[in-house]
Amino acid sequence: MYEKNLSLESWVTELIPANGMSTQHSILSTLALYKYLCIPPTLDHGHSKYCMNLNTRAMVTTSSDGAWEGDDPLKHALPLLIIQTVLVVFLSRTLAFFLKPLRQPKVVAEIIGGILLGPSAIGRNKKFMQTVFPPWSTTLLESVSSLGLLFYLFLVGLELDLHTIRRSGRRAFTIAVAGITLPFLFAVGVTFLLQRAMHFQNRNQNGYVELFVFMGVSLSITAFPVLARILAELKLLTTRVGETAMAAAAFNDIAAWVLLALAVALAGGGHKTTLFTSIWVLLSGVAFVAFMMIVVRPMMNRVASKFCGENEVLNETYICVTFAGVMLSGFVTDTIGIHSIFGGFIFGLTIPKESEFANMVTRRIEDFVSMLLLPLYFASSGLKTDVAKLQSVVDWGLLLLVISTACVGKILGTFLVAVMSTMPVRESLTLGVLMNTKGLVELIVLNIGREKKVLNDEMFTILVLMALFTTFITTPMVLAINKPSHIVKSKLPKLQRLTDLQEKIRILACIHGTSNIPSLINFIESIRPTNKSRLKLYVMQLVELTDSSSSILMVQHSRKNGFPIINRFQRGAMQEQIATAFQAYGEVGKVTVHHLTSISLLSTMHEDICHVAEKKGVAMIILPFHKRWRGEDEEVTEDLGQGWRDVNQRVLQNASCSVAVIVNRCIGRRYEHGAETSVAAGKRVCIIFIGGPHDRKILELGSRMAKHPTIKLVVLRLTSHTGVEHYNSSTSANNDDKDKELDEEALNEFKTKWIGSVDYIEKEATNIAEEVLSIGKGKEYELLIVGKQQQIESRMLTNIDFRPEYDELGPIGDLLASSGNGITSSVLVIQDQCLINPNETTLVKTARVESTMINDNISEI
């Protein structure tokens, strides 16, 4: 039947049709492997024409014998996989770094990196491909990447909150339906043109219907995980636009998976698939979903209920059961004939989103999956993408047609329905652009379509480029639609001063966690001296937003619109402790407390803080220092790192009101809550006054503390016979004299008002720094309050070994906060807003405009 002199390669090429290129490539890759190993394969003609019974007993080994034995590590599976992984991760992270200024999501860099490694760019070098990505390694690379993809889709299921979808109402559902229907209608014509233009030599194998379904899913899909990160990056995640987009994308995601399951059932993996078989596949899939929701979900609820707190150790048995459940679900759906990733996604839906268990499981695996395994999937896709195959004008015209159809169908359908739902035109257009986001889910659909031989190489390349383009333009288009020239600033409350006793003083207090609660309550209580002095406290928890799924989960738990997130439904253990502590203090101390949460990138978190301070018209922002010490040996109990220190520095630079930084040394006595008020047991506080606007602000604060019945306040004025000069580049000598007059006037007014209630000490010091250090080491005061001096003449700091460690606190604050000086008192450093440069920087202007744009509907809670 077959000529003996016919080579195996020629036999495969002639026997397998051109549109079965994935099968042809797979068999040729295996032949190349056997040829390299000098193993004679045998052909078994007793089976179908695609069947090859190859001797698999002498496959490639896992590891090499070592270079000293003359063995090439790249000829073995594990060393080669390591090199491939390192190369892929390095390239994707490098591209992500260069694309970060463009505010592009990481998936864009990963898609580009995969394409560059493939035959479109670097892969055109045959020697490189044979060395780093030889044909025999394809199966191993795809298997490892598919395992990562399985767990990533599990994380996607964890992010998708079905309760959020139900709460979103009819608008999100209608928008999602429109965003799917119109692209599907457009797909009717596009599929017809593509099928005619592309060369399908075996059209009978997968006909128009299968191609139409895959094309419709490709054009209509919205990448839920990518959209969540774009919204978080643009601070739109909890606005009306963001909430609607997330809910509609969730609807869209579920619909896409259902349609994809339908497409896979119809395609049948290249086998002859009857309608009866497709129906059985779909019914089996429905039964699987029902079983997971009815049986498995209550079981996972019980597992999650056994884990309650962030600090609780998670039983390894629960983790093993969860991971095994992910893989078993993937096996079941693969057996059904859908795809293994569908099982992982459904299993993720069964885990309760409001539980700490979901966050803990996510943190256990997300970094390994998203940073190491997932880029391999993009590389695997990139190796199949060959832009060079688009050679003719027709091919590039088809690419333009597909991109245009995808954008117009998705944006137009979403826009029209959003406008009819009474959303403003600009918000509706923004929503349409956001819903056009593609990404990883799109690549999954395309790879499945190629695997099932519904898409050929040219069509696969066109759709990959479409996904890349639509995702890339999302952020620039959203920023262009909402450009500052279109925004009208709302009227903001006037800024308060601490001496405005007739008004309800508003304070914005920022915290990192429960460790900041005692010192913050102590300070707030000290400036709330009487029941007649009203105080409104905004407590903002600062949470870093990362690329991880756990950050997005935290964002989704916050349901109130705002910039940042005004949180009423946060359910984590830490959030509950913070809310409970301040709620109790508010009831006992007669302070109105409002809880907020800012989940943002550290580089932009100061925008959240400064905007809320300006929006609410607060008199002061309170920031915790990024370090905490305990005891005289200055043991560091908490160090949040340079990133959080930078947040404080940016707030100090850009805030339009006064800012206080608390350096907590964990030795102060706590306030004891009484029946009607909260008081401190004999707390001694010292105000160190040197001069200048910052120190005059301290006297305002002292006026509020002086009324507290249990605080012993001492004002210590340090002077020098040589004089203390304050430096400001825009201040003349006459203004400096005026500044000194203002100091005398403020001190005289303070002494007159609080004579007998406050101890006033005036002391002449040869060296102010040494005097300040002696006060700090004296253990006489629990709290020292100093102003942030702009600059003190250098001779005032002589005779000591002074090296600035924390410049943002000023020289005096730096002395008291630095380690190694033996300071035992906590320190409060005050900066007055009057020294902020009146000419706002571009950053501040932009932040305020963006804040106004996306948070016009923040109101008093």
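The values are calculated or read from the model by the stated rules, or taken from the named source; none is laboratory data. As the structure is a prediction and not an experimental result, all values here were calculated from the model. All Cβ positions, glycine included, derive from the backbone under ideal geometry; neighbour counts span all protein chains shown.
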Condition first: crowded, with 22+ Cβ neighbours inside 10 Å, assigned by TED's automatic domain parsing to the domain that holds GLY813 and at pLDDT 85 or above. Can you find one or more residues in segment 716-724 that meet it?
no
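Please verify whether GLY413 is of a type outside the set (Phe, Trp, Tyr), within 30 Å of ALA324 (Cβ to Cβ), touching a Gly at 6+ places or on another chain (Cβ under 7 Å) and in a helix (DSSP H, G or I), treating the condition exactly as stated.
no
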If we keep only residues of segment 344-388 that are within 17 Å of the chain's Cα centre (by Cα), of a type in the set (D, E, K, R) and surrounded by fewer than 18 Cβ atoms within 10 Å (Cβ to Cβ), then the residue farthest from THR139 (Cα to Cα) is ARG363
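Within segment 799-836, how many residues are touching a helix residue (DSSP H, G or I) at 6+ places or on another chain (Cβ under 8 Å) and either of a type outside the set (A, V, I, L, M, F, W, C) or modelled with pLDDT under 70 (or both)? Give the steps one after another, and end with the answer.
So in segment 799-836, the residues touching a helix residue (DSSP H, G or I) at 6+ places or on another chain (Cβ under 8 Å) come out as 799-800, 802, 804-812, 814-817, 821-832, 834-836.
Adding the requirement that they be either of a type outside the set (A, V, I, L, M, F, W, C) or modelled with pLDDT under 70 (or both) leaves 799-800, 802, 804-808, 810-811, 814, 821-822, 824-826, 831-832, 834-836.
So the answer is 21.
Test ASP367 against the stated conditions and say whether it is over 30 Å from LEU266 (Cβ atoms), of a type in the set (D, E, K, R) and modelled with pLDDT under 90.
Values: over 30 Å from LEU266 (Cβ atoms): yes; of a type in the set (D, E, K, R): yes; modelled with pLDDT under 90: yes.
For ASP367, the condition - over 30 Å from LEU266 (Cβ atoms), of a type in the set (D, E, K, R) and modelled with pLDDT under 90 - is met.
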Within segment 222-238, can you find the residues that are in a loop (DSSP other than H, G, I, E, B), within 12 Å of THR437 (Cβ to Cβ) and out of contact with any Gly (no Cβ under 9 Å at 6 or more places or on another chain)?
none
Does any residue in segment 321-337 that is closer than 18 Å to MET299 by Cα and not assigned by TED's automatic domain parsing to the domain that holds ALA304 come within less than 7 Å, Cβ to Cβ, of a residue that is in a helix (DSSP H, G or I) and of a type in the set (S, T, N, Q) six or more places away or on a different chain, and which pairs are these?
none
Within segment 389-411, how many residues turn out to be within 19 Å of ASN252 (Cα to Cα) and buried (at least 18 other Cβ atoms within 10 Å of the Cβ)?
6
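Limited to segment 356-377, what total is found for residues that are under 24 Å from ILE254 (Cβ atoms) and touching a residue at least 60 places away in the same chain (Cβ under 8 Å)? Talk me through it step by step, then tell me what you get.
From segment 356-377, those under 24 Å from ILE254 (Cβ atoms) are 357-359, 361-362, 365-366, 369-370, 374, 377; that's our starting set.
Filter once more, so that each one left must be touching a residue at least 60 places away in the same chain (Cβ under 8 Å): 358-359, 361-362, 365-366, 369-370, 374, 377.
Number of matching residues: 10.
If you scan segment 294-305, which residues turn out to be surrounded by 12 or more Cβ atoms within 10 Å (Cβ to Cβ) and under 29 Å from the mean Cα position of the chain (by Cα)?
Here is the first cut: in segment 294-305, the ones surrounded by 12 or more Cβ atoms within 10 Å (Cβ to Cβ) are 296-297, 299-301, 303-304.
ARG297, MET300, ASN301, VAL303, ALA304, listed by residue number.
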Restricted to segment 111-161, and to residues that are free of Cβ contacts under 8 Å to residues at least 60 places away in the same chain and farther than 17 Å from VAL88 by Cβ, which residue is surrounded by the fewest Cβ atoms within 10 Å (Cβ to Cβ)?
LYS127
Which fully enclosed helices (runs of 4 or more DSSP H) of segment 425-511 have 3 or more residues being buried (at least 21 other Cβ atoms within 10 Å of the Cβ), at pLDDT below 90 and assigned by TED's automatic domain parsing to the domain that holds THR244?
440-451
Cβ-Cβ under 9 Å pairs, at least 6 apart or on other chains, segment 739-762 side under 19 Å from PRO709 (Cα atoms), far side hydroxyl-bearing (Ser, Thr, Tyr) and part of a helix (DSSP H, G or I)
PHE750/SER703; LYS753/SER703; TRP754/SER703
Working only within segment 65-110, note down all residues that are over 20 Å from THR461 (Cβ atoms) and crowded, with 19+ Cβ neighbours inside 10 Å.
LEU80, GLN84, VAL89, ALA96, GLN104, PRO105, LYS106
Residue match in segment 772-788 (condition: modelled with pLDDT of 80 or more, farther than 29 Å from LEU652 by Cβ and not in a loop (DSSP other than H, G, I, E, B)):
no
Filtered residue count, segment 366-403, keeping only those that are more than 27 Å from SER146 (Cα to Cα), aliphatic (A, V, I, L, M) and assigned to a helix (DSSP H, G or I):
8
Just one of the numbered conditions (1) more than 16 Å from the chain's Cα centre (by Cα); (2) surrounded by fewer than 24 Cβ atoms within 10 Å (Cβ to Cβ); (3) under 26 Å from GLU110 (Cα atoms) is not true of GLY207; which one?
(3)
